[in-house]
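In what follows, a single structure is set out as structure tokens and then discussed.
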Amino acid sequence: MTSAWVGELVRLRGVEPEDWESFQRFDANTGDMRRADRVHPPRSGARQREWAQKTALEAPENDTMMLGIESLAEAALVGMLATDAVDYRAGRFMYGISIGTDHKGRGYATEAVRLLLNFMFGERRFHKCEASVRGFNDASIALHRKLGFTEEGRLRDHEFFAGRHHDVVLFGMTAAEFAARHPYPCEI
């Protein structure tokens, strides 16, 4: 039996309470924080443990979920993936992904996004996925182009990081565009 959540490189899974140490390591890298969200003040181990415990116990609601990305080879948490801004009327959702610096460039993000889109398009019947990427995040821009996302716009001077404003690049992909490039698994 195979799982829709497992690829050749990674497994998407719920956040576990013991993941707090990995998240604390991810937060120690300012560049990672800027690419994923924003720079936060340092968080104590107790605060990270509390967040991981709370997140581990939260049930996904309305297709909004936060998933850990686990490397199969290392059995280690290498990043996270989340869905948000779910709009059932229009059939679209947004997602975000972050891979820790020590784990970049290994194909984890590519496979994790494919697994997520297989589920959201192929099982949940969404029509479109959207993503916003910081204009300085060349690796994420390349990832989205490689996956087949279309650049749909650019919000100029939209976010403030490291003392200045930066663009945000908007990407979108429809279910049909995804299926044409990444056929759904045919096992039932």
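The values are calculated or read from the model by the stated rules, or taken from the named source; none is laboratory data. For clarity, every value in this text was computed on a predicted model and none was experimentally measured. Please note: Cβ atoms are built from the backbone with ideal geometry, for glycine as well, and neighbour counts cover all protein chains shown. Areas reflect the complete protein model, heavy atoms only, side chains present, ligands, DNA and RNA absent. Shrake-Rupley method; radii C 1.70, N 1.55, O 1.52, S 1.80 Å.
Annotation note: trypsin sites (Lys or Arg not before Pro) in the stretch 109-188 located in DSSP loop regions with a Cβ neighbour count of at most 16 within 10 Å are Arg124, Arg125. Sorting His165, His144, His40 by accessible area puts them as His165, His40, His144; the probe is 1.4 Å, largest comes first, and only protein heavy atoms count.
How high is the relative contact order of the stretch 1-103? Use alpha-carbon pairs under 8 Å, at least six apart in sequence, and give a whole percent. Mind dumping the intermediate values first?
Details: 148 pairs, mean separation 29.6, N = 103.
Value for the stretch 1-103: 29 percent.
So if the hydrodynamic radius of the stretch 78-188 is defined as the Kirkwood radius over C-alpha pairs, what does Stokes-Einstein give as its diffusion coefficient at 20 °C and 1.002 mPa s, in µm² per second? Rounded, D is 145 µm²/s. Sparse packing (at most 11 other Cβ atoms within 10 Å of the Cβ) combined with a DSSP loop state is found for the following GluC sites (Glu not before Pro) in the stretch 69-142: Glu74, Glu123. The C-alpha radius of gyration of the chain, expressed as a fraction of 2.2 N^0.38 Å, stands at 1.02.
In terms of its C-alpha gyration tensor, the stretch 100-164 comes out oblate, because a/c is 1.5 or above while a/b does not outweigh b/c. Note on Lys146: aspartates and glutamates with a C-alpha under 17 Å away, same-chain residues under 8 apart excluded, are Glu111, Glu130, Asp138, Glu177.
Of all DSSP beta bridges located in the chain, what percent are antiparallel, nearest 5? Working shown, then result.
Details: 35 of 38 bridges.
Of all bridge pairs located within the chain, approximately 90 percent are antiparallel.
Averaged over its residues, the stretch 19-76 has an accessible area of 62 Å² per residue, based on protein heavy atoms and a 1.4 Å probe. Helical runs assigned H by DSSP (4 residues or longer) give the chain a calculated mean residue ellipticity at 222 nm of -9500 deg cm²/dmol, each run adding -39500 (n - 2.57) before division by the residue total.
Here the alpha carbons of the stretch 12-88 define both size measures, Rg and Dmax, at 12.9, 38 Å.
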